[in-house]
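Take a look at the structure below.
The values are calculated or read from the model by the stated rules, or taken from the named source; none is laboratory data. Values in this document were obtained by computation on a predicted structure and should not be read as measured data. When we count neighbours, we look across all protein chains shown, and the Cβ atoms used for this are built from the backbone with ideal geometry, even at glycine.
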Amino acid sequence: MVKAPAHWDGKSPLAAVVWFHGHQQSSAEIMNDSDLDAQFSREGILMIVPDGRNASWSFPSGPKAENARDETAFIGDVIADVEKKYPIDPSRLFAAGFSIGATMVWTEACETPRRFSAYIAFSGDFWDPPPKSCAEGPVRLLQIHGTADPTFPIHGRPLRGGKYQQGDAEKGLDLWRQWKSCSAFALTPAPGDAMTATATGHCADGSSFAFWKHTRGHEVDPAWALAAIKWVKSEWNAPVRRAMVVSTPARAEH
């Protein structure tokens, strides 16, 4: 499903988000979330919300047997189809997702880092075992996660008797730091209600990462979505930032 911002003039190039819904959600449910829709519409962003097969997604290390699909190719086809109808500005196309939709965001960042200009993940990350490496290309990724999340805890959890394992977001970000040769992450004040801290850092290839924690559970507050959109826009406007290559990137303590 696709929804243009309310005040779009029908011809100007559009910023756009591909939103990956959570498990057992649908594109219709996301489009009917008036609070979320209002944030993207107000910021002039086209919403593109594809449906996962069987209300789920196929991703590495996940329970995908019944949902097997080449999601990377599928999303490419979705974007190509939308571009036939809307003038998307490719430099302002970004990805966002919730729960296993956030896992899809991490997967897209790993497999297609040049497809999107930024990646926003709410309450989800790689599943274990994580990828051993990712495709080359700068990644701008924002992780937003609740310290009281029981569904996809920050440090992950086993599922189906240990057959599957949700990943640890902090360890996942450590992997990104290693792959991208990032500087040590510094703690700075975080935006938004309930946020406790944000870790930010910049990397040798121009990648950048941020990690915002909040004290609540498995949810997306519209205020956090707005703060995330503003983060994306700041990344669009920022010059390419490169850090000195470090042999052992330090892990941020939160």
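Structure above, values below:
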quantity	calculated
Lone unmet requirement of (1) of a type in the set (A, V, I, L, M, F, W, C); (2) outside any strand (DSSP E or B); (3) over 17 Å from Arg216 (Cα atoms) for Ala148	(3)
Residue satisfying all of: in region 134-175; hydrophobic (A, V, I, L, M, F, W, C) and surrounded by fewer than 17 Cβ atoms within 10 Å (Cβ to Cβ); nearest to His202 (Cα to Cα) among these	Ala135
Cβ pairs under 7 Å, 6+ apart, first in region 126-145 and of a type in the set (A, V, I, L, M), second surrounded by fewer than 19 Cβ atoms within 10 Å (Cβ to Cβ) and part of a strand (DSSP E or B)	none
Hey, Ala95 free of Cβ contacts under 8 Å to residues at least 40 places away in the same chain, out of contact with any Pro (no Cβ under 9 Å at 6 or more places or on another chain) and not hydroxyl-bearing (Ser, Thr, Tyr) or not	no
Matching residues, region 108-136, being closer than 15 Å to Glu71 by Cα and of a type in the set (Val, Ile, Thr)	Thr112
Test: residue in region 8-16 that is at pLDDT below 95, surrounded by 13 or more Cβ atoms within 10 Å (Cβ to Cβ) and either part of a strand (DSSP E or B) or of a type outside the set (Gly, Ala, Ser) (or both)	no
Test: Ser123 is over 17 Å from Ile144 (Cβ atoms) and among the hydroxyl-bearing types (Ser, Thr, Tyr)	no
Number of positions in region 208-241 that are farther than 23 Å from Arg114 by Cβ, buried (at least 20 other Cβ atoms within 10 Å of the Cβ) and of a type outside the set (A, V, I, L, M, F, W, C)	2
Answer residue from region 40-72, given it is outside any loop (DSSP other than H, G, I, E, B) and hydrophobic (A, V, I, L, M, F, W, C) and is farthest from the chain's Cα centre (by Cα) among those	Ala65
Filtered residues of region 17-36 (kept if modelled with pLDDT of 95 or more and assigned to a loop (DSSP other than H, G, I, E, B))	His21
Residue count for region 10-34, restricted to those that are touching a residue at least 40 places away in the same chain (Cβ under 8 Å) and touching a helix residue (DSSP H, G or I) at 6+ places or on another chain (Cβ under 7 Å)	8
Answer from Gly124, Gly101 - the residue that is farther than 14 Å from Ser207 by Cα, part of a loop (DSSP other than H, G, I, E, B), under 10 Å from the mean Cα position of the chain (by Cα) and at pLDDT 95 or above	Gly124
Any chance Ile75 is in contact (Cβ under 8 Å) with a residue 60 or more places away in the chain and more than 9 Å from the chain's Cα centre (by Cα)	no
Filter pass, Ser41 being free of Cβ contacts under 8 Å to residues at least 60 places away in the same chain and touching a Gly at 6+ places or on another chain (Cβ under 9 Å)	no
